[in-house]
Amino acid sequence: MSEKSCIVMDKVSYTVGGRSILRDFDLRLEQGENRTILGVSGVGKTTILKLILGLLKPSSGAIFIDGIDISGLSEKTLTQTRKKMAIVFQGGALFDSMTVGENVGYRLLEEGELSEAEIEAIVHEKLGFVGLEKAIDLYPAELSGGMKKRAAIARSLAADPEYIFFDEPTTGLDPIGVYNIQQLMIRLQGEGKTTLVVTHDMNTAFAVSNRFSFIHEARLVFEGSREELQLSAIASVREFFTPGEESLFRYVEAEGDHETER
Ligand SMILES: Nc1ncnc2c1ncn2[C@@H]1O[C@H](COP(=O)(O)OP(=O)(O)OP(=O)(O)O)[C@@H](O)[C@H]1O
Ligand SMILES: [Mg+2]
């Protein structure tokens with residue numbers, strides 16, 4: 001369980017307010033792998049990313065980053081481990097009061113290890129990578145949704161992470177915006193980055209991943225290739241791909257008892 005160069009979640013459970021969000025969840029993400037985590041809204045996908053980043057602590061189980069169990073780390077050592085990882089949050093989460101360039105350089109500036117000139121060069125390079133060099137002095141409010149996502153990707157790349165997590169990277173974008181984001185992700189994978197994506201956009205999931213984990217009611221119910229996923233006989237997986245009358249009925253029932261159903 002403690003091998004190098006991978007992310008391992010070993011029987012991780014996470015309970016909040018007496019509610020079980022994850023139960024005995026296992027994930028093994030090898031370096032260079034491109035995985036997508038699937039599951040209906042509210043099932044716990046973002047929670048998984050926050051657990052890996054150490055922003056949330058598991059109620060039980062262990063999480064290893066390159067062989068190091070992060071649950072036992074002090075905040076200072078955790079910061080070192082976090083440097084290997086970056087997340088593009090659902091919605092981008094840019095700082096509204098900073099320009100695009102400042103958003104991208106912010107983390108490096110905070111770390112204080114590089115000169116301003118070095119940081120500026122990195123900011124230009126990363127914004128060039130996502131095609132946003134001309135937007136360097138704009139504020140997030142002046143960007144379109146697709147540009148915000150690309151700025152968020154540039155920011156995540158600033159510290160040159162090994163592992164990049166994408167939380168719903170294409171939600172709300174038009175087909176061209178979706179294509180642009182997919183191409184950026186594929187280019188990063190071509191550079192050897194390990195990517196973990198959370199999405200319900202199957203087009204993107206299939207474009208950028210070769211392995212899939214599916215969560216249903218707090219548990220991992222499927223893990224495998226695209227072919228295995230599409231041929232799966234697991235009821236929750238099949239329903240996800242082809243919702244029908246049954247899904248509508250369950251949804252209506254869930255409305256009255258939201259907390260326990262979802
Ligand atoms: N701090 C919290 N306190 C209580 N419940 C929480 C908290 N954070 C998340 N939850 C609950 O945990 C569940 C999982 O949330 P999470 O954001 O991980 O879902 P998700 O799969 O990412 O959903 P979506 O696809 O809509 O983004 C949700 O039902 C949410 O209501
Ligand atoms: Mg989410």
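Quick look at the numbers
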read-out	value
Residue-averaged [θ]222 nm for the chain, counting only DSSP H segments that reach four residues, each worth -39500 (n - 2.57)	-11500 deg cm²/dmol
Extension gain (nm, one decimal) between Leu55 and Thr81, 0.36 nm per residue minus Cα-Cα	8.1 nm
Hz values of 3J(HN,Hα) by residue in segment 19-25 - Karplus curve (6.51, -1.76, 1.60), Gly and Pro given as x	9, 7, 8, 10, 10, 6, 7
Which listed pairs, of Lys57/Lys126; Lys11/Lys50; Lys76/Lys149; Lys11/Lys149; Lys134/Lys193; Lys50/Lys84, have C-alpha distances above 22 Å, in listed order	Lys57/Lys126; Lys76/Lys149; Lys11/Lys149; Lys134/Lys193
Amide hydrogen neighbours beyond the local backbone of Glu162, cut-off 5 Å, H modeled	Met85
Packing-based exposure ordering (other Cβ within 10 Å, fewest first) of Phe206, Phe95	Phe95, Phe206
Cα-centre dipole for segment 2-75 with unit charges at Cβ (Lys and Arg positive, Asp and Glu negative), debye to 20	360
Longest to shortest principal axis, alpha-carbon extents of the chain, angstrom	57, 42, 35
Tensor-based shape of segment 62-186 (alpha-carbon gyration tensor, a/c under 1.5 rounded, otherwise prolate or oblate)	oblate
For segment 192-199, Karplus couplings with θ = phi - 60° (6.51, -1.76, 1.60), whole Hz, Gly/Pro x	x, 6, 8, 10, 10, 10, 10, 7
Segment 204-214 - phi-based ³J(HN,Hα) in whole Hz, Karplus 6.51/-1.76/1.60, Gly and Pro as x	5, 3, 6, 6, 10, 9, 10, 9, 9, 10, 10
Mean Cβ neighbour count within 10 Å, used as a protection proxy, ranking 132-145, 208-221, 190-203, 111-124 highest first	208-221, 190-203, 132-145, 111-124
Residues with amide H under 5 Å from that of Leu138, placed H, sequence gap 5 or more	Val100, Gly101
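A short reminder: the numbers here are calculations on the coordinates, not readings from a lab. Predicted, not measured: the structure shown is a model, and the values here were computed from it. FYI the Cβ positions are ideal-geometry reconstructions off the backbone, even for glycines, and counts take in every protein chain you see.
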